[in-house]
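The values are calculated or read from the model by the stated rules, or taken from the named source; none is laboratory data. All figures in this text were calculated on a predicted structure; none of them were measured in a lab. Positions of Cβ are backbone-derived with ideal geometry, glycine not excepted, and every protein chain shown enters the neighbour counts.
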C-alpha cells in the first residue's frame with residue numbers, strides 16, 4: 001500500500017527522515033519544476049534552481065505544514081514565493097480552452113506547433129494571469145487552492161483565469177474554434 005503525502009510528512013516530522021522527504025520530492029518535483037518553468041518563461045536553469053530552493057525550504061519548514069491544504073498546494077506556494085523573490089531580486093516582477101492547455105503537456109496528443117504556440121501565448125500573459133492559468137488548468141488546483149498559493153482573494157483568481165483564457169483564446173484563434 002502506497003503511503004499518502006500526509007503519511008510521509010508525518011514520518012518526516014516524527015523521525016526527521018530525509019529519505020522519506022526524498023520520496024515527497026520524487027512525487028512532486030516534476031509538477032513543481034513544470035510550474036516554475038512556465039513562470040520563468042521556460043528558463044530551464046533558473047526553474048531548476050528555484051525548484052531546488054523550493055524543496056530545501058520545504059524541508060527546512062516542514063513543521064509549518066498544517067495539513068489544511070494538500071501538500072502539493074503548500075509546495076506550489078513555496079515555489080511561487082521563491083519565484084517572486086528571485087524576480088524581485090532581478091527587478092522583473094510585474095504584477096482557453098482547458099483541453100488545449102492540457103494537451104499541450106501531453107506529448108502523445110499535442111501537435112508540436114500547437115505546443116509551441118501555446119507556450120508562446122502563455123509567456124505573453126501578464127504574470128498574475130499566467131500564474132492562475134498554470135495552477136488551475138495545468139496543475140489541477142481548485143480556484144480556492146490557487147488563491148492560497150498566490151495569496152490573493154478567490155475572486156481575483158477567478159478573474160485572472162477568465163481573462164487569461166480569453167487572451168489565450170484570441171491568441172490561439174488560428175488553431176480553429178475548438
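Picking from 20, 40, which residue would you name as being at pLDDT below 90, farther than 19 Å from residue 68 by Cβ and assigned by TED's automatic domain parsing to the domain that holds residue 74?
Criteria check complete, one pass: 40.
So residue 152 ticks every box in (1) modelled with pLDDT under 85; (2) assigned to a loop (DSSP other than H, G, I, E, B) but one. Which box is left unticked?
Exception for residue 152: condition (1).
Name the single residue that is surrounded by the fewest Cβ atoms within 10 Å (Cβ to Cβ) among those in the stretch 117-130 being touching a helix residue (DSSP H, G or I) at 6+ places or on another chain (Cβ under 6 Å) and not in a loop (DSSP other than H, G, I, E, B).
So, considering only residues that are touching a helix residue (DSSP H, G or I) at 6+ places or on another chain (Cβ under 6 Å) and not in a loop (DSSP other than H, G, I, E, B), the one surrounded by the fewest Cβ atoms within 10 Å (Cβ to Cβ) is 128.
So residue 69 clears everything in (1) crowded, with 16+ Cβ neighbours inside 10 Å; (2) at pLDDT 90 or above except one condition, right? Which one?
(2)
Might you check whether a residue that is crowded, with 16+ Cβ neighbours inside 10 Å, modelled with pLDDT of 85 or more and in contact with a helix residue (DSSP H, G or I) (Cβ under 8 Å, 6 or more places away or on another chain) occurs anywhere in the stretch 93-110?
Looking for residues that are crowded, with 16+ Cβ neighbours inside 10 Å, modelled with pLDDT of 85 or more and in contact with a helix residue (DSSP H, G or I) (Cβ under 8 Å, 6 or more places away or on another chain), one finds none in the stretch 93-110, hence no.
Looking at the stretch 36-61 only, could you name the residues that are within 15 Å of the chain's Cα centre (by Cα) and outside any helix (DSSP H, G or I)?
40, 41, 42, 43
May I ask you to say which residue of 53, 7 is modelled with pLDDT of 90 or more and over 21 Å from residue 67 (Cβ atoms)?
53 is the lone residue from the list that is modelled with pLDDT of 90 or more and over 21 Å from residue 67 (Cβ atoms).
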